[in-house]
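Quick note: the coordinates plus some simple rules give every number you see, no bench work behind them. Keep in mind that what you see is a predicted model, and the values were worked out from it rather than measured. Counting neighbours? That spans all protein chains shown, and the Cβs are built from the backbone with ideal geometry, glycine included.
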Amino acid sequence: MSRQRKATPSARIGMLTYHALMLAISAVFLLPFYWMTISAFKTNAEIFSNPVTWLPDPIRWENMTSLLTREDFPFVQQFVNSVFYAGTVAVLVCLSCSLAAYSFGCLRWRGRNLVFGLTVCALLMPTIVTFLPIYLAWSKIGLTGTYWPLITPFLFGDAFFIFMLRQFFMGVPRELLDAARLDGASEFRIWWQIVMPQLRTPLIIVGLFATVYTWNEFFLPLIYLQDREAFPLSVGLFTFQSQRAVEWSVSMMGAFLTALPMVALFLLTQRLFQRGLSSTGLK
Amino acid sequence: MGMVQLSGVRKFYGALEVIKGIDLTVEPGELVVFVGPSGCGKSTLLRMIAGLEDVDYGRVEIASKDVTEAPPAQRGVAMVFQNYALYPHMTAYDNLAYGLRRAGLARNAVDKRVQETAALLQISDLLKRKPKAMSGGQRQRVAIGRAIVRKPEVFLFDEPLSNLDAALRVEMRSQIARLHQELAATMIFVTHDQVEAMTLADRIVVLNAGRVEQIGTPREVYHIPANLFVAGFIGSPAMNLLPATLGPSGVALVSGPVLGGHSGTGEAVTLGVRPDRLTLTSPESAHLSGEAKLIEHLGDETILHLALADGGALTIKLAGDVALTIGARVHARIDMVGASLFGADGRAMRLEGARETEA
């Protein structure tokens, strides 16, 4: 017969305090998101009504139609831009950073640690410090106003993701690489055919990080892109809000629809995220 | 099958010399075992032969071709690793076929070779499985298959049985011995397990701190160790190494008795006696006496560990189950047949005769 273990009163009080604290902290983060969501389905008047209504009544679906059909806010086009921008960067980051991480984590060469140290130093360099000379260079080439300056740098990796992936690459058994070398595979082929399939989980995690990071990226698209049709949502939403400050309900609907894909992505991949971060993904 | 020839092979990690000039010839069809303690350089040497480690000085020849600078795949070697190193995302079939495909073999030829190898190793029913769906023994057989399928000049085994349990290890050991006979292949096998070395090897290479201590057949290495290191390393339980002096009338043990067979001028020597070369005797005829500190009853034999009066230790291996208790006073007699004598420099001296002259 099993006997249920009873918590002592002090342990119970401890648990209650813990949960209350966690709920309070969660509320700090969730409340703005909740406010944005309900505001997206209210009229302007309802948003600012007193007393506050915590549920939209009725639900104003027309806000969505209004947003999607506006000429001064090409939401659909900007959504497509964001998907293109984030998706391309995610794929490029996975490819370029894994190549660099393979070199840093799986190959031995003179000066490897020094070069890796310098790469990590790049993490310490704020974008704001380097953007001006880089901007001028792109400007000279005549490619400002396009996505080239935003995407091309990721062909050459990103210090943070290289750092992150290197840890996983170091976990690949050396014998596996040796076996492939004895089988006649080139280093490039070992990277692509032997190592990459082992590291699917870390690569998906890096892809997710890169997607979220790029989806929310604001500064660089703002300085490089001039045309409203070319903006990603982050910049598009900001521009709309600054020009149409009074239209809170449409702004909130835009913000809601901008955040929605990332929330959905996180919810769908939450377990993968946790598993990938808590283990190396290798047996 | 190819011959392997190493000439003055050296390897450095930074300023540290890990392989200190090794000369070795492995004859075609021979199975040579590299044995030595952890960190002695045996795996490094094997990896240098495979081309997985650079050779800093010296020359490596395989099948009479200088391959010192050649990449691993062009040396005609195949390697079996301790942790199998099977590609986890591929089936056993693809694991076997991968190297053949890289070598540019046609699909039909690849299939034929894979099926032949699978039949030889009795792994045909495993070909569709991925490594995670196989047991340790099955994985190791697939790993051996991956080596065989390429028909290399030389097979290299890097402690391939270490991850297997005792029963499976015995089975795989005999399978490797059988393959060696069937394929008449040149094989180099690295292990720290002496039983593997003694049972598999045509010749054993005993390595220590990056140097070759002795090269010989298992019997030579066991019965005629070249130096104190080999004497202490080969054989389980280890050889008893007793301090002695070499006087005009023979080998005088520290405890008193003098054993004949050699004469000298009083220099310090070490007498090496295998535990099975000691027998129990009466106090009057004993060479050595001590107190039983540990008794290992192994069923068909008993191993006694004695503490000698002079502070030394002695191990005796006796046939059968001997009824003794811990703390018992035990008297032992040395059979000088098969005993070894080592000079102050640790090198073996020839021990002539084996007659005993009691002091």
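Quick notes on this structure:
- Antiparallel DSSP beta bridges within the protein assembly as shown, percent to nearest 5: 75 percent
- Shape category assigned to segment A:31-138 from the gyration tensor of Cα positions, a/c cut at 1.5: prolate
- Distance from the C-alpha centroid of segment B:27-64 to that of segment A:75-142: 42 Å, rounded to the whole angstrom.
- Mean separation of Cα contacts under 8 Å (6+ apart) over length of segment B:1-100, as relative contact order %: 27 percent
- Here the Karplus curve 6.51 cos²θ - 1.76 cosθ + 1.60, taken at θ = phi - 60°, turns the phi angles of segment B:242-248 into couplings of 10, x, 7, 10, 9, x, x Hz, with x standing for Gly and Pro.
- Across chain B, the longest run free of exposed loop sites, meaning trypsin sites (Lys or Arg not before Pro) lying outside DSSP classes H, G, I, E and B with no more than 14 other Cβ atoms within 10 Å, spans B:129-349.
- Loop-resident sites, segment A:70-171, for trypsin sites (Lys or Arg not before Pro), counting at most 13 other Cβ within 10 Å (DSSP): A:108, A:110
- Within chain B, longest stretch free of exposed GluC sites (Glu not before Pro) [DSSP loop, at most 16 other beta carbons within 10 Å]: B:70-283
- Max mean-square fluctuation residue, GNM over chain A, Cα-Cα springs under 10 Å, options A:206, A:129, A:91: A:129
- Relative contact order [Cα under 8 Å, 6+ residues apart], chain B, whole percent: 15 percent
- Shape class for segment A:69-278: prolate, because the ratio a/c of the largest to smallest gyration tensor axis (alpha-carbon atoms, square roots of eigenvalues) is 1.5 or more and a/b beats b/c.
- Relative contact order (percent, whole number), chain A, Cα cutoff 8 Å, 6+ residue spacing: 31 percent
- Anisotropy class of the protein assembly as shown from Cα gyration tensor, a/c 1.5 cut: prolate
- Candidate lysines for bridging to residue B:130, where Cα separation is under 21 Å - those fewer than 8 sequence places away on the same chain excluded: A:283, B:112
- Scalar couplings 3J(HN,Hα) for segment B:129-143, obtained by applying the Karplus form with A = 6.51, B = -1.76, C = 1.60 to θ = phi - 60°, are 8, 8, x, 5, 9, 10, 7, x, x, 5, 4, 5, 5, 5, 5 Hz; x denotes Gly and Pro.
- With contributions of -39500 (n - 2.57) from each DSSP H run of at least four residues, the per-residue ellipticity at 222 nm computed over the protein assembly as shown stands at -13500 deg cm²/dmol.
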